Amino acid sequence: VLLDEKPDLVLLYGDTNTTLAGAIAASKLHIPIAHVEAGPRTYNKLFPEEVNRVLTDHISDLLFACTELNVKNLAKEGIVRGVYNTGDVMYDLYVKMRAKLSPEAEMAKHSLVKGKFIIATIHRDFNTDNRDTLQSILAGLNIATRDFGLKVLLPLHPRTRNKIGLFGLEEMLDKITVTEPLGYLGLMSLTQNASFVITDSGGFQKESYWASKRGILTMPQGWQEITDTGWHTLIGDPIQADWKFLISNILQPYVYPENIFGDGHAAEKIVTTIIKKLNQY
């Protein structure tokens, strides 16, 4: 495709396998590369996303970081040229779509009351593939219902559903409202009126932050910019989790840390920079 189209620049986003493939192909053909969401680091090479992102960053010409921490991470690796802190285009999307959300209608579908429910999303293999880990997370969801009177909405990922069946944990869903996976508008509409979230999704971690919702993260690493503030709590090993303490803590009043991911105009800044740089090539 690149040979046929001969683009002036290849614009890549995120950390998927296709991101890295595009970066390698463009690099071999000496086509300038722009990487959106450059600089996040987990420092864990077991995550394929980490490998994809690091390698893409090191062969990109323009690197659009979401936060100041991303910029610092790149500098530690000697990448200082062509780096711009534009903010996060995912936040742009959230701001754009916020007016289209319908919290009341979505809550009515599941008989939910504002502030009296939580949303949980669990899909990562390190949570689903170990019976004890998955059982602990489901126990935590049941504690939220039994001890705190919170309804639990669990949009169930196919892998998680399969593992619950394989491990014989179906009874642990009896007190939980299980749905099929939700689309962006449905999930974000419900998040507006949730009490808090429990998730192992980096994307949903950011989206729940933008909705001003605290969260418990069942993952080794999350977005450090959020977890460093204490707004979200990271659980490295769910098996050892004290769920009563965690939920009690997350329900306490806490000052919301604002503007971590920019001002909602990241895409404009990215486009302006690309146009300016293309005129220089």
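Counting residues in region 57-66 that are surrounded by fewer than 21 Cβ atoms within 10 Å (Cβ to Cβ), hydroxyl-bearing (Ser, Thr, Tyr) and either within 19 Å of ILE270 (Cα to Cα) or touching a Leu at 6+ places or on another chain (Cβ under 9 Å) (or both) gives zero. Whether a residue is surrounded by fewer than 18 Cβ atoms within 10 Å (Cβ to Cβ), touching a Pro at 6+ places or on another chain (Cβ under 8 Å) and not basic (Lys, Arg) was assessed, and PHE148 does not pass this test. Pairs are defined by a Cβ separation below 9 Å, a sequence spacing of at least 6 or placement on different chains, a first member in region 254-275 that is under 15 Å from GLU37 (Cβ atoms), and a second member that is modelled with pLDDT under 95 and aromatic (Phe, Trp, Tyr); the pairs so defined are ILE260/TRP223; PHE261/TRP223.
Looking at region 19-53 only, could you name the residues that are over 18 Å from the mean Cα position of the chain (by Cα) and in a helix (DSSP H, G or I)? Once the filter is applied, which keeps residues that are over 18 Å from the mean Cα position of the chain (by Cα) and in a helix (DSSP H, G or I), region 19-53 yields LEU20, ALA21, GLY22, ALA23, ILE24, ALA25, ALA26, SER27, LYS28.
PRO40 meets the stated requirement of being of a type outside the set (S, T, N, Q), within 21 Å of GLN221 (Cα to Cα) and crowded, with 22+ Cβ neighbours inside 10 Å.
Hey, could you check region 1-24 for residues that are at negative phi and among the small types (Gly, Ala, Ser) and say which is surrounded by the fewest Cβ atoms within 10 Å (Cβ to Cβ)? The extreme case among them is ALA21. Total residues in region 185-226 satisfying the condition of being open to solvent by 20 Å² or more (accessible area, probe 1.4 Å), over 25 Å from GLY39 (Cα atoms) and in a helix (DSSP H, G or I): the figure is 3.
Which of the residues that make up region 101-133 are of a type in the set (Gly, Ala, Ser), within 11 Å of THR191 (Cα to Cα) and open to solvent by 40 Å² or more (accessible area, probe 1.4 Å)?
SER102
Are there any pairs, at least 6 apart or on different chains, whose C-beta atoms fall under 7 Å, with the first in region 169-190 and free of Cβ contacts under 8 Å to residues at least 24 places away in the same chain and more than 21 Å from ASN142 (Cβ to Cβ) and the second of a type in the set (S, T, N, Q) and assigned to a helix (DSSP H, G or I), and if so, which? The qualifying pairs do not exist here.
The values are calculated or read from the model by the stated rules, or taken from the named source; none is laboratory data. As the structure is a computational prediction, the values presented were derived from the model and not from experiment. Ideal geometry is used to build each Cβ from the backbone, glycine not excepted, and the neighbour counts take in all protein chains shown. The area values use the complete protein model at the heavy-atom level, side chains included, leaving out ligands, DNA and RNA. Shrake-Rupley method; radii C 1.70, N 1.55, O 1.52, S 1.80 Å.
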